[in-house]
Amino acid sequence: MEATAPLRIGVAGIGTVGSALVHLIERHGNDLAVRSGRAITITGVSARDRSKDRGVDLSAMTWFDQATELAADPGNDVFVELIGGADGTAKASVEAAIAAGKHVVTANKALLAAHGNELARQAEAAGVSLNFEAAAAGGIPIIKTLREALAGNTVSRLYGILNGTCNYILTRMEQEGIGFEECLADAQRLGYAEADPSFDVGGQDAAHKLALLTAIAFGTEVDGDSMYVEGISSISPADFEAADELGYRIRLLGVACRTDSGIEQRVHPTMIPKSSAIANVTSVTNAVAVEADSVGELLLCGPGAGGEATASSVISDIADIARGDRVGTFGRPASDLEPYRRAAMRAHEGGYYIRLAVYDRPGAFAAIAGRMAELGISLESIVQRHRAPRAAAPGQLVPVEPAPVILITYDTHEADIRTALDTIKADGHIADAPQMIRIEQLG
């Protein structure tokens, strides 16, 4: 094919992102042709419902009922997968496109987290690109930054707000003092959360994105299974009140860092200093910070989701292919990726916030402190929040209610914290499950 011939695109999945992609290519077609050196045109599409009104004109494009048929069709040069899901049609169609010698662009973090190593090897063997800028942090160009702009750096740590739904909920809870369930209901009503929000609020969505960023940043194979993942459903207004008094904000962070024993990956609610830049990222916005030896610390911030923002990243990948730019899927040849080696457990730098509902009875506080001391856990502070006494009729006994107690630890091992809390719970001095949130010391 001549270099000046149009680059022909087949798009599977004409939902929010797919429709936005069609619209943006129509709107910016001339600029795209100038910037990438050739015209870019969508020649074929595939989706489940041919009759659905998507707000864009698809009449000039060939319709395929099966995405795998579109993937293998000789009428396109690049296959764009916007179907979603780790397996099924998404995986089959991407493999079909690679087998047919076509470049692939995908926004599917679940697919890559589960099968990225295998698909990268297939793409490399076929001599085609497998690009996925839209799969992590939406419109933020974090993949290109890690894969290309920081090629001359050694990354020591990256962390970020990788899920807009969780950030919206946590922001509302902090600013308005309302509970998780109420915030989640509002997020669903506004379209920020799915009808089944468990993938987002449980932390799995952020974990998939972190697994991809970790592979690029540290040159390892993708491993989405070897990380600790915790969601935000247990966070309460009481935790935000305590965080505010301590000078912190609560955010769901994905953190990956290089250690002497391997790579550490984790996703969980985190208390971060109000003075840190990422603490001021609110609502559905995403942000990713990268710490590297040559540039110091970078912070990329922007829309983590949305049709046009995500489609913008898809177009960036398409433009690279149109220009002939090829980079290894994860920044280097798939054969050069190191096996992922999970870091050995170490003391968490920054300590932990612990909230307990302690029964007001003699010896309770001493017993709790003793359990911590048995495991070598040093406490920086203990704060008891007294409840206002309840009124009672004459002669009526008022049941003793547990009082909130806040513990802040020094650096310690998480396994020791969890063992101590299990023992404290078994001792019968606390009501309800303990709340534990890591404190992260960020720049």
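Scan region 199-206 and tell me whether some residue there is over 20 Å from the mean Cα position of the chain (by Cα), modelled with pLDDT of 95 or more and not hydrophobic (A, V, I, L, M, F, W, C). Looking for residues that are over 20 Å from the mean Cα position of the chain (by Cα), modelled with pLDDT of 95 or more and not hydrophobic (A, V, I, L, M, F, W, C), one finds none in region 199-206, hence no. Listed by position, the helices (runs of 4 or more DSSP H) inside region 157-275 whose residues that are of a type in the set (A, V, I, L, M) number at least 3 are 164-176, 180-189, 204-218, 237-246. Any residue at all in region 392-404 that is modelled with pLDDT of 85 or more, outside any loop (DSSP other than H, G, I, E, B), under 33 Å from the mean Cα position of the chain (by Cα) and not assigned by TED's automatic domain parsing to the domain that holds V105? Among the residues of region 392-404, at least one is modelled with pLDDT of 85 or more, outside any loop (DSSP other than H, G, I, E, B), under 33 Å from the mean Cα position of the chain (by Cα) and not assigned by TED's automatic domain parsing to the domain that holds V105, which makes the answer yes.
For region 333-355, enumerate the residues that are out of contact with any helix residue (DSSP H, G or I) (no Cβ under 9 Å at 6 or more places or on another chain), on the phi < 0 side of the Ramachandran plot, not aliphatic (A, V, I, L, M) and not in a helix (DSSP H, G or I).
The answer is P339, R341, R342, R346, E349.
Just checking, does region 23-33 include any residue being more than 32 Å from the chain's Cα centre (by Cα) and either of a type in the set (D, E, K, R) or outside any loop (DSSP other than H, G, I, E, B) (or both)? Scanning region 23-33, I find at least one residue that is more than 32 Å from the chain's Cα centre (by Cα) and either of a type in the set (D, E, K, R) or outside any loop (DSSP other than H, G, I, E, B) (or both), so the answer is yes. Being in contact with a Ser or Thr (Cβ under 8 Å, 6 or more places away or on another chain), among the hydrophobic types (A, V, I, L, M, F, W, C) and closer than 30 Å to H115 by Cβ is the requirement here; does I250 meet it? Criteria not met by I250.
Scan region 41-60 for residues that are more than 14 Å from G10 (Cβ to Cβ) and at pLDDT 95 or above and report the count. Adding up the residues that qualify gives 0. When restricted to residues that are assigned to a helix (DSSP H, G or I) and either surrounded by 12 or more Cβ atoms within 10 Å (Cβ to Cβ) or not β-branched (V, I, T) (or both), region 34-52 contains 2. Among the candidates S93, S129, the residue that is polar (S, T, N, Q) and under 18 Å from L7 (Cβ atoms) is uniquely S129. Mind checking whether some residue in region 79-99 is charged (D, E, K, R), outside the structural domain of S283 (by TED's automatic domain parsing), buried (at least 24 other Cβ atoms within 10 Å of the Cβ) and under 28 Å from M271 (Cα atoms)? No, region 79-99 contains no residue that is charged (D, E, K, R), outside the structural domain of S283 (by TED's automatic domain parsing), buried (at least 24 other Cβ atoms within 10 Å of the Cβ) and under 28 Å from M271 (Cα atoms).
The condition of being closer than 26 Å to S156 by Cα and in contact (Cβ under 8 Å) with a residue 12 or more places away in the chain holds for only one of A277, A305, A309, that being A277.
Every test in (1) acidic (D, E); (2) buried (at least 17 other Cβ atoms within 10 Å of the Cβ); (3) over 30 Å from T4 (Cα atoms); (4) not assigned by TED's automatic domain parsing to the domain that holds E264 is passed by D320 save one, and that test is (3).
Exactly one residue out of E230, E221 is over 22 Å from S156 (Cβ atoms), in contact with a Pro (Cβ under 7 Å, 6 or more places away or on another chain) and at pLDDT 95 or above: that is E230. Only residues that are under 26 Å from I272 (Cα atoms) and at pLDDT below 85 were counted across region 350-381, and they come to 0. Going residue by residue through region 360-368, is there one that turns out to be closer than 30 Å to I424 by Cα and charged (D, E, K, R)? Yes, region 360-368 has at least one match. Taking the numbered list (1) surrounded by fewer than 24 Cβ atoms within 10 Å (Cβ to Cβ); (2) outside the structural domain of L252 (by TED's automatic domain parsing) in turn, K109 passes all entries but (1).
When A60 is tested against (1) without any contact (Cβ under 8 Å) to a residue 24 or more places away in the chain; (2) in contact with a Leu (Cβ under 9 Å, 6 or more places away or on another chain); (3) of a type outside the set (F, W, Y), only condition (2) is not met.
Is it the case that region 200-219 has a residue that's surrounded by 15 or more Cβ atoms within 10 Å (Cβ to Cβ), closer than 30 Å to R332 by Cβ and of a type in the set (S, T, Y)? Even if it seems obvious, please write down each step before you answer.
So in region 200-219, the residues surrounded by 15 or more Cβ atoms within 10 Å (Cβ to Cβ) come out as 200-219.
Then keep just the ones that are closer than 30 Å to R332 by Cβ; that gives 203-219.
From the residues that got through so far, the ones that are of a type in the set (S, T, Y) too are 214.
Scanning region 200-219, I find at least one residue that is surrounded by 15 or more Cβ atoms within 10 Å (Cβ to Cβ), closer than 30 Å to R332 by Cβ and of a type in the set (S, T, Y), so the answer is yes.
So, in region 1-22, of the ones that are more than 31 Å from the chain's Cα centre (by Cα) and farther than 19 Å from L70 by Cα, which residue ends up surrounded by the fewest Cβ atoms within 10 Å (Cβ to Cβ)? It comes out as E2.
The values are calculated or read from the model by the stated rules, or taken from the named source; none is laboratory data. Everything numeric in this text was worked out from a predicted model, so none of it was measured. Please note: Cβ atoms are built from the backbone with ideal geometry, for glycine as well, and neighbour counts cover all protein chains shown.
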